[in-house]
Structure formats: structure tokens, C-alpha cells
Amino acid sequence: MIEERPTTARGGLKQLTFEDGLVLSAECKEVVAEAISTILDAIGQDPARDGIASTPLRVARMYDELLSGYMTDQVELLNDALFDVEYDEMVVVKDIDFYSMCEHHMLPFYGHASVGYLPNDKVIGLSKIPRLVDMFARRLQVQERMTQQIATFLEELIKPRGVAVVVEASHLCAAMRGVKKQRTRMVTSAMLGAFRDNPSTRGEFMMHIGASSDPLL
Ligand SMILES: [Zn+2]
């Protein structure tokens, strides 16, 4: 016997109150919540059931946080964080944890990013680089584009002699479905300027981050 389910859950959402978030307005959150409710209904779940009655609201709030990278204020992010220096050796910030969402399946991919650059006459405050990674991670992404965006942003910002970004991540869309290669990790890299042109510069960076192979060879 098939249980009778309500054909729409919208009635149930009426009691929920939504507030404007960083990315999603109250109205947008409500649209997201209604869509989640529709999905729950479509996959045979009673949207009014105790355990999931508030799930549409939770998911709407969660997206606001997971996608906050779209709204990161770049001026505020970089506030007073650029310094003129004489230092011209390689700067490397490695193993920056990040969590992102694959835009193909809307499932998480996560791992760590390592960033290096060769300053020209400017350096950026150390704490800003992880925040910059977050700004691009907290969006709907593909790993290749995220890697490139981090590199290009740094290049335009501090006009260094070169930028290197290597990202290693696990994708739940690959781990949980299809081939189920759960431990497979994807590595992407973006090498600009001296890191692209000069194998020994690239090699020095790869050594710093403990990588075993040159991404361009
Ligand atoms: Zn995916």
C-alpha cells in the first residue's frame, strides 16, 4: 500500500521564518526551502515527518554559508594587507584546508591548497591567503577553475614575478557514486610567470610543498 503523502509541502513552510543572509535574501531562502521540500516529497519522503520537517530551512541556511564566497568583500579582505618589501625570495603557504561544492552534483569536494609566489616589490599578509582560498572555495565550483582563479587573483593583486597554486582534493561525487574510488584524489595546478617558465623555480616550490612530481612535465 502506498502511503498518502501531501502533494506539496508548501503549506508546512508557511510557519518557518526566513531572515536575510549574506548571500541569500529571505525570499531566496524560502525558494530554496520550497525546492528542498519538493525534492523530499519527490523521493518519497513525507516533508512533514519529524526528522525532516526543518530540513528545508536548514539547507537554505546552509547554502547561505557554503556559498558566501560570492559575497566576500575583496576590499575588506585585503584591508591593509599589502606590504612593500625588498624580499624577493619565494613565499609559500601550504596545506590550506578548504571545503567547496562541485557545481556538477552539488556535493562537497575538499582538500588542501598550496600557494607560492615570487614577490616583485609587494607581499600579502600571511593570513590573507587562506581567506583568499576560502573566497573561491565557498562557491559552486570545479576544482580546475578554482585553482586558476586563486592564481589569477594573486597575480593581478600583487603583480609578482610568478604564482603557483596546487590543489589536491577528494570529491564526494566520485567517492560516493559511480566508480566508488573512495581514496582517489584529484590534483590541479596553475603555474604563472616564473613558475611556468622556469623548471627550477617550479621544482623549488614543489619541493617546499612535498610534491613528488612536476605538474608541467
Ligand atoms: Zn561532481
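When the residues of the stretch 86-134 are filtered to those that are among the acidic types (Asp, Glu) and within 18 Å of THR152 (Cα to Cα), the one that is farthest from the ligand (Cβ to nearest atom) is ASP121. The one condition from (1) of a type in the set (A, V, I, L, M); (2) surrounded by 14 or more Cβ atoms within 10 Å (Cβ to Cβ); (3) over 18 Å from VAL93 (Cβ atoms); (4) at pLDDT below 95 that LEU157 does not meet is (3). Number of residues in the stretch 175-209 that are within 20 Å of the chain's Cα centre (by Cα) and at pLDDT 85 or above equals 9. Could you check, for the stretch 162-170, whether at least one of its residues is assigned by TED's automatic domain parsing to the domain that holds HIS112 and under 18 Å from HIS105 (Cα atoms)? So far as the stretch 162-170 goes, yes, one or more of its residues are assigned by TED's automatic domain parsing to the domain that holds HIS112 and under 18 Å from HIS105 (Cα atoms).
For the stretch 160-217, give me every one of the helices (runs of 4 or more DSSP H) that falls completely inside it and has 3 or more residues that are surrounded by 14 or more Cβ atoms within 10 Å (Cβ to Cβ) and of a type in the set (A, V, I, L, M, F, W, C).
172-175
Considering LEU140, LEU192, LEU172, the condition of being of a type in the set (A, V, I, L, M), touching an Asp or Glu at 6+ places or on another chain (Cβ under 6 Å) and within 16 Å of the ligand (Cβ to nearest atom) is satisfied by LEU140 alone.
The values are calculated or read from the model by the stated rules, or taken from the named source; none is laboratory data. A quick note: this is a predicted structure, and the numbers were derived from the prediction, not measured. Note that each Cβ is placed from the backbone with ideal geometry, even for glycine, and that neighbours are counted across all protein chains shown.
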